[in-house]
1. In what order do B:Val235, A:Val137, A:Val60 fall by count of nearby beta-carbon atoms within 10 Å, going from fewest to most?
2. Other chains' Cβ within 10 Å of A:32-44 residues: what's the mean?
3. A:Gln129 to A:Glu74: FRET efficiency via 1/(1 + (r/R0)^6), r the Cβ-Cβ distance, R0 35 Å, to the nearest 0.05?
4. Going down the table (A:Lys14/B:Lys39; A:Lys34/B:Lys6; B:Lys229/B:Lys256; A:Lys63/A:Lys163; A:Lys179/B:Lys15; A:Lys34/A:Lys63), which pairs top 21 Å between alpha carbons?
5. Residue by residue through the range B:244-253, which ³J(HN,Hα) values in whole Hz follow from phi under the Karplus form 6.51 cos²θ - 1.76 cosθ + 1.60 (θ = phi - 60°), with glycine and proline marked x?
6. Starting from 0.36 nm per residue, how many nanometres of slack lie between A:Lys14 and A:Arg149 once their C-alpha separation is accounted for?
7. Of A:Thr158, A:Ser131, A:Ile178, which is farthest on the positive side of the dipole of the range A:112-185, counting Cα position, with +1 on Lys and Arg Cβ, -1 on Asp and Glu Cβ, and the Cα centre as origin?
8. Order of A:His148, A:His92 from fewest to most other C-beta atoms within 10 Å?
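Each reported figure results from applying straightforward, stated rules to the coordinates on display, with no laboratory input. Keep in mind it's a predicted model, so treat the numbers as computed, not measured. Neighbour counts are summed over all protein chains in view; Cβ atoms, including those assigned to glycine, are modelled from backbone coordinates with ideal geometry.
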Amino acid sequence: MFLENKYPIEELVKRCKAGERKAQEMLYKQFASKMLGVCCRYAADRMEAEDMMQNGFIRVFQKIEDFRGDGSFEGWIRRIMVHSSIEYYRKHHKMLQLVDLEEGGNEAATNPLATAKLAANDLLALIQQLSPGYRIVFNLYAIEGFSHREIAAIVGITEGASKSQLSRARSILREQVIKMEGKKYGYAR
Amino acid sequence: MDMQDKEFDELFRAKLDMFEAEPSANVWPGITDGLDAGKRRKSLTPWLSIAAGIVVLIGIGVFFIPKKTNTSEHPSVQTGVPEIAQSTVTVQSQPGPATQASPEKKHLIELKRDGEAARIQPNRPTNITSQKNVDTAGYPAKTVKSNEPQLIATVSQPITITKPIVPDVPLQTTVKISIDQTPGSNLIADKLASQNSADNKKDSVLVKRKHKIHNFGDLVNLVVDKLDKRPDKVVQFASDEDGDSHLTGINLGILKIKKGE
């Protein structure tokens, strides 16, 4: 964004720690688009994603004293957004029906090259159609790179539940990708 | 996880990991509102606890302080007059032991006391009214005429304060006069003077009481007199003709018991 090169992150963080509202706004503007992109993957729609991001940034500025500069600030703020998104579902009781499922064996085979042709917005639309439980586990595993043990700890489910939720999410996504490919490119099997 | 799953995940990661979206304009105001609300909650927390503490203290005060003042405010204007009459009677009957020392002086003292007693009775109402005038003079005329209960309370307070003072102040003067006029009446004068100086409470019951310590009740009264300066003592004893002491009053602030003479 336009302020990106004006102030280094370290200085903005320092001023944010002092509670300077202008610096907070600059920091927000610098990271808002990226963080909304993160929240969009966990949300069912744009409005929900903005609510998640709003809560996330409030937490960022409240906890910014805890950031000691050990890792990248973007990584730190991103983790807060992910936790804020999961917390959002906890508060709204939308994701607590996670149960261990048998890993599905009859997954539809997809053509990776065909999937690669789908735009980011298309894939996002597919993820957003998943139920919250599947969406969160898929995001945490496939995109954030967490292990099932870590997911179990973050979400508050068993590792088995995490595995089965991921498997089911993939299965649904594959079916949806095939449908979408068929619609877009005439690859219908 | 087979290769297909890994590739599938990687495709999503590649497309969505760096996905960005422009937020609407109302997100930042929502963040600032949330931050301000959090600050307000934080800053209010200590003030709320202080306010709660003050409320508790006021509550305790409301429960206890009025009850203390009530005990001294209870005798109203109507009850004040008969008490004065009683005190004058006791003064007249007081010089029992003194008569044996010098009967002539007894007459003199009785006369003087009668005179004082006669003076006291008319003086009492005038004292009350003058006190009222003094008090009300300090307030605007409007508030004096109003029927607010608060004003009544302020008027009744000084009356109760002056009540115990009235009977004894003249007594001291008469004793002094009698000493000056009759040197032979030292015994009577000493007794009366010591009685009046020792008994700061000026209560009619106390005036009536003999000041030699004859029994346990007298001893307790003497100690309580020194410690408790209220008109109604925490414990009061009275001696009967046989020299036995009887409990006549208890004043524990909230609990107040007083036996009639």
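1. Going from least to most buried by this count: B:Val235, A:Val60, A:Val137.
2. Values: counts 7, 5, 4, 3, 7, 7, 5, 2, 4, 4, 0, 0, 0.
Mean partner shielding for this stretch: 4.
3. That pair, A:Gln129 with A:Glu74, gives E of 0.80.
4. A:Lys34/B:Lys6; A:Lys63/A:Lys163
5. Per residue, the Karplus-derived 3J(HN,Hα) values read 7, 9, 10, 6, 10, x, 10, 9, 9, x Hz.
6. Numbers: separation 135, 0.36 × 135 = 48.60 nm, distance 3.46 nm.
Gain in length upon complete extension: 45.1 nm.
7. Comparing the listed Cα positions along the dipole, A:Ile178 ranks first.
8. Placing the least packed residue first, the sequence is A:His92, A:His148.
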